[in-house]
Amino acid sequence: MSQDVPRKAASAAHAMEAASALAKASIPTLLMCLAQITGDRKWFEAPYLPQRDVSLFADPTGGFAPEVQQEVRDATAQILKELAAGTRRPAPLPDEATALEMMRVCLGERIPEEYVGMALEEMGMKDRAVHWDSGNQATPPQRAENFSVLVIGAGVSGLVAAVRLEELGIKYRIVEKNSEIGGTWVENDYPEAGVDTPNHFYSYSFEPNLGWTGNYSKRGEVWDYLRDMADKRDLRRHIEFGVEVTTLLWNEERQQWCAVLRDGTGTETVQWVNVVVTAVGQINRPKMAPFAGMETFTGRWWHSARWPADANLAGKRVAVIGTGASAMQFLRSVAGEAAEVTIFQRSPQWARSEPDYHGRVTDEALWLLKNVPYYYQWYRFGLLWRFGDGLLPSLRRDPEWPHPERSVNRRNDKHRQQLTDYLLSELAGREDLIAKCLPDYPPYGKRILVDNGWFAALRRDNVKLVTEGVDHVDGSSIVTSSGAVFEADVIILATGFEAGKMLAPMDIRGRSGVPIREVWGDDDPRAYLGTTVPDYPNMFVLSGPNTALAHGGSLIFMSECQVRYVTACLKEMMERGIGVLDVRQDVHDDYCRKVDEEHAQLVWTHPGMRNWYRNDKGRVFSPVPWRLVDYWQMTHEVSLTDYHLTPAAAARTVAPSQPRTDSHATADT
């Protein structure tokens, strides 16, 4: 048999696969692929102009007539054949002016020019990394040989730091209190834990994953992604697991931090480093029950972030305390297993419908992502825009709006009506539940949630929703503030995290020797750009104060912005011979003042509700008030005029870790 027969058969099968995939493709995305591959402007000019679509997941037809859609598919199929045959090569990447035109056409919106650089970085078409000024980019300055960085935490942010430090050739070490990488994705193993941001956006710009199986992946797949990235880049050789930092003490003479490390056996060692990067996150310490009498409970109890591997709820009476994001995700599984579930709700939550939430990535979509050049990049761009800054204007207070008690502006009120209509449709016929579940505060005043079968679970015969607070626990009984008693065999705490106690329980003392806990208190952390704190030199806080996202975007995006800023600082320090970099108090205070002024105009300071974003005095300490593009611009370059600078002392060899023999470390150890 001729060898051409199987080749022709394979070619025909590939053509059929391509035709099937292209039939399901996003036409606006294909148009951008055609424009970029060919360099032909006709593909982003009339008549190939998609209609504007503000949906989170846009109409794949782009509003085109069927014959135009087919023309685009046919042209793409022909281009793919030419690329495969070697008769065509992709055109060079577009310049920023052309890219802006394409972005505006792709979405049918007049995207501001300021977004182009950020978008190109997110698409992987522009380098986000910091590089040395020297001619040989692979070799750091000689000063790097005597420079070391301690990264605390091997979660999402710590891994970004590792990647960028590795690229620069800076010596670093990561300590991680858990036995594996992944941070929150290690600890939160409750049923149905997963992302509520599409995972093609909730992923590193420098590490595309074309094989996600779900549009919103569950915990296991996200954790696999993080571990695969770390293994691919050989990052584990820098990580020590089961090690916590107990103390950080600044030594001015040495221009170094003295870090006290404790392993799982309780053995403590001391390490001297030039720079500390904390990557412990805002939600790494569960908020355990503040209820009196928990020690008397006769059954098992746990926090959702400490879900036991041997949990068995079959036939049990389960009490769920809290109705936040974790409870929203695990309730339907718990209700499907337990005999009875009683939920104790402090206040109701707004939850939106997401038809794609449980959707699987189709074979056709996987084919497109893997076989059509630039399809992934333009698909990610669409997610960046739709899940990015578009929502923020609807969260700003309009002083002329006549209904400030229920919403903050007209657009916000429209969101309220849409969310209300959805809730009413889900709870139709259950007036008792509607009264308990319909919030009386503006949408997005608390973290907006995605309905993971929450309302359907509430309708089950074995589920009861209680809108009283828990007063105390007595044996097997949970007693509410009114004295009502509910029996339980298991208590699950969905009570959130100690977000305000950032960097706890570490004892961190800077130049003045004052513990950072005294500066911040229990719930008022502040930092310039959410990253640096006066009097704590050469220390950078990732996922620090006012860097969480509550209006859209991705935590990974924020982490990449912060790490770029950190590495830019390190580059300047080593290339300019700077030993100490300490943010100026006036710069820090001015930034924090602007953050507070901005938050005063946003929904999170609305007086009609409580949220974990605010401290006891009402100050918003967690979410960023800026647009994504604003924060990207703020952190893209470092201005050394923002800092007090001290020249580097004479080069010294970094001391290895030494066992501790004293009971209290000092900076003179």
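Is one or more of the residues making up segment 205-214 in contact with a strand residue (DSSP E or B) (Cβ under 9 Å, 6 or more places away or on another chain) and assigned by TED's automatic domain parsing to the domain that holds residue 578?
Yes: one or more hits.
Could you tell me how many of the residues in segment 182-210 are free of Cβ contacts under 8 Å to residues at least 60 places away in the same chain, among the aliphatic types (A, V, I, L, M) and in a loop (DSSP other than H, G, I, E, B)?
Summing the residues that are free of Cβ contacts under 8 Å to residues at least 60 places away in the same chain, among the aliphatic types (A, V, I, L, M) and in a loop (DSSP other than H, G, I, E, B) in segment 182-210 gives 1.
Every residue in segment 265-281 that is of a type in the set (S, T, N, Q) and part of a strand (DSSP E or B), please.
Looking only at segment 265-281, we keep the residues that are of a type in the set (S, T, N, Q), and these are 265, 267, 269, 271, 274, 278.
Result: 269, 271, 278.
When you check residue 464 against the structure, is it at negative phi, of a type in the set (D, E, K, R) and outside any strand (DSSP E or B), yes or no?
On the way: at negative phi: yes; of a type in the set (D, E, K, R): yes; outside any strand (DSSP E or B): no.
Here the answer is no, as residue 464 does not meet what is asked.
Could you tell me which numbered condition residue 220 fails, if it satisfies all but one of (1) in a helix (DSSP H, G or I); (2) surrounded by 19 or more Cβ atoms within 10 Å (Cβ to Cβ)?
All conditions are met except number (2).
Considering only residues of segment 645-663 that are farther than 30 Å from residue 117 by Cβ and modelled with pLDDT of 50 or more, which is surrounded by the fewest Cβ atoms within 10 Å (Cβ to Cβ)?
Filtering segment 645-663 for residues that are farther than 30 Å from residue 117 by Cβ and modelled with pLDDT of 50 or more, the one surrounded by the fewest Cβ atoms within 10 Å (Cβ to Cβ) comes out as 650.
Please go through (1) surrounded by 18 or more Cβ atoms within 10 Å (Cβ to Cβ); (2) out of contact with any helix residue (DSSP H, G or I) (no Cβ under 9 Å at 6 or more places or on another chain) for residue 381 and return the number of the only condition it doesn't satisfy.
Status for residue 381: all satisfied but (2).
May I ask you to say which residue of 619, 584 is touching a residue at least 40 places away in the same chain (Cβ under 8 Å), of a type in the set (D, E, K, R) and under 29 Å from residue 496 (Cα atoms)?
Result of the check over 619, 584: 619.
Only residues in segment 588-605 that are farther than 20 Å from residue 416 by Cα count as the first member; pair them with residues that are polar (S, T, N, Q) and part of a helix (DSSP H, G or I), Cβ under 8 angstrom, at least 6 apart or cross-chain, and list the lot.
As it stands, the answer is 599/605, since those pairs meet every condition given.
Please specify each residue of segment 206-217 satisfying the condition of being buried (at least 21 other Cβ atoms within 10 Å of the Cβ) and under 19 Å from residue 181 (Cα atoms).
217 - this is the single residue of segment 206-217 that is buried (at least 21 other Cβ atoms within 10 Å of the Cβ) and under 19 Å from residue 181 (Cα atoms).
Identify all residues within segment 37-62 that are acidic (Asp, Glu) and surrounded by 16 or more Cβ atoms within 10 Å (Cβ to Cβ); write none if there are none.
Matches in segment 37-62: 53 only.
Yes or no: segment 436-453 includes at least one residue that is in contact with a Pro (Cβ under 7 Å, 6 or more places away or on another chain), under 29 Å from residue 392 (Cα atoms) and of a type in the set (A, V, I, L, M).
Yes, segment 436-453 contains at least one residue that is in contact with a Pro (Cβ under 7 Å, 6 or more places away or on another chain), under 29 Å from residue 392 (Cα atoms) and of a type in the set (A, V, I, L, M).
Mind listing just one residue for me: the one in segment 78-95 that is surrounded by fewer than 13 Cβ atoms within 10 Å (Cβ to Cβ) and of a type in the set (D, E, K, R) and, of those, farthest from the chain's Cα centre (by Cα)?
Checked segment 78-95; the qualifying residue farthest from the chain's Cα centre (by Cα) is 89.
Of all residues in segment 230-246, how many are in contact with a helix residue (DSSP H, G or I) (Cβ under 9 Å, 6 or more places away or on another chain) and either in a helix (DSSP H, G or I) or within 29 Å of residue 504 (Cβ to Cβ) (or both)?
5
When segment 63-74 is examined, which residues are found to be closer than 21 Å to residue 110 by Cα and either touching a residue at least 24 places away in the same chain (Cβ under 8 Å) or surrounded by fewer than 16 Cβ atoms within 10 Å (Cβ to Cβ) (or both)?
Once the filter is applied, which keeps residues that are closer than 21 Å to residue 110 by Cα and either touching a residue at least 24 places away in the same chain (Cβ under 8 Å) or surrounded by fewer than 16 Cβ atoms within 10 Å (Cβ to Cβ) (or both), segment 63-74 yields only 64.
Select, from 568, 550, 527, the only residue that is touching a Lys or Arg at 6+ places or on another chain (Cβ under 8 Å) and either within 30 Å of residue 385 (Cα to Cα) or at pLDDT 95 or above (or both).
Answer to the check: 550.
If I go through segment 237-262 residue by residue, how many of them are of a type in the set (Asp, Glu), more than 28 Å from the chain's Cα centre (by Cα) and under 22 Å from residue 180 (Cα atoms)?
The first filter runs over segment 237-262 and keeps only residues of a type in the set (Asp, Glu), leaving 240, 244, 252-253.
From what's left, more than 28 Å from the chain's Cα centre (by Cα): 252-253.
Among the residues that remain, those that are also under 22 Å from residue 180 (Cα atoms) are: none.
Selection size over segment 237-262: 0.
Table: residues versus (1) among the polar types (S, T, N, Q); (2) touching a residue at least 24 places away in the same chain (Cβ under 8 Å); (3) touching an Asp or Glu at 6+ places or on another chain (Cβ under 9 Å); (4) surrounded by 19 or more Cβ atoms within 10 Å (Cβ to Cβ).
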{"residue": "464", "(1), (2), (3), (4)": "no, yes, yes, no"}
{"residue": "470", "(1), (2), (3), (4)": "no, yes, no, yes"}
{"residue": "477", "(1), (2), (3), (4)": "yes, no, yes, no"}
{"residue": "481", "(1), (2), (3), (4)": "yes, no, yes, no"}
{"residue": "484", "(1), (2), (3), (4)": "no, no, yes, no"}
{"residue": "488", "(1), (2), (3), (4)": "no, yes, yes, yes"}
{"residue": "493", "(1), (2), (3), (4)": "no, yes, no, yes"}
{"residue": "499", "(1), (2), (3), (4)": "no, yes, yes, yes"}
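Got a sec? Which helices (runs of 4 or more DSSP H) wholly within segment 288-397 have at least 1 residues that are under 21 Å from the mean Cα position of the chain (by Cα)?
325-337, 375-386
Output the residues belonging to segment 408-440 that are hydroxyl-bearing (Ser, Thr, Tyr) and out of contact with any Ser or Thr (no Cβ under 6 Å at 6 or more places or on another chain).
420, 425
Can you pull out the residues in segment 187-229 that are in contact with a helix residue (DSSP H, G or I) (Cβ under 8 Å, 6 or more places away or on another chain) and of a type in the set (Phe, Trp, Tyr)?
Within segment 187-229, 190, 201, 202, 204, 206, 212, 223 meet the criteria.
Please find, among 151, 156, 160, the residue that is of a type in the set (Val, Ile, Thr), in contact with an Asp or Glu (Cβ under 6 Å, 6 or more places away or on another chain) and within 21 Å of residue 563 (Cβ to Cβ).
None of the others qualify; the one that does is 160.
The values are calculated or read from the model by the stated rules, or taken from the named source; none is laboratory data. Just so it is clear, the structure is predicted and the values come from calculations on it, not from any experiment. Ideal geometry is used to build each Cβ from the backbone, glycine not excepted, and the neighbour counts take in all protein chains shown.
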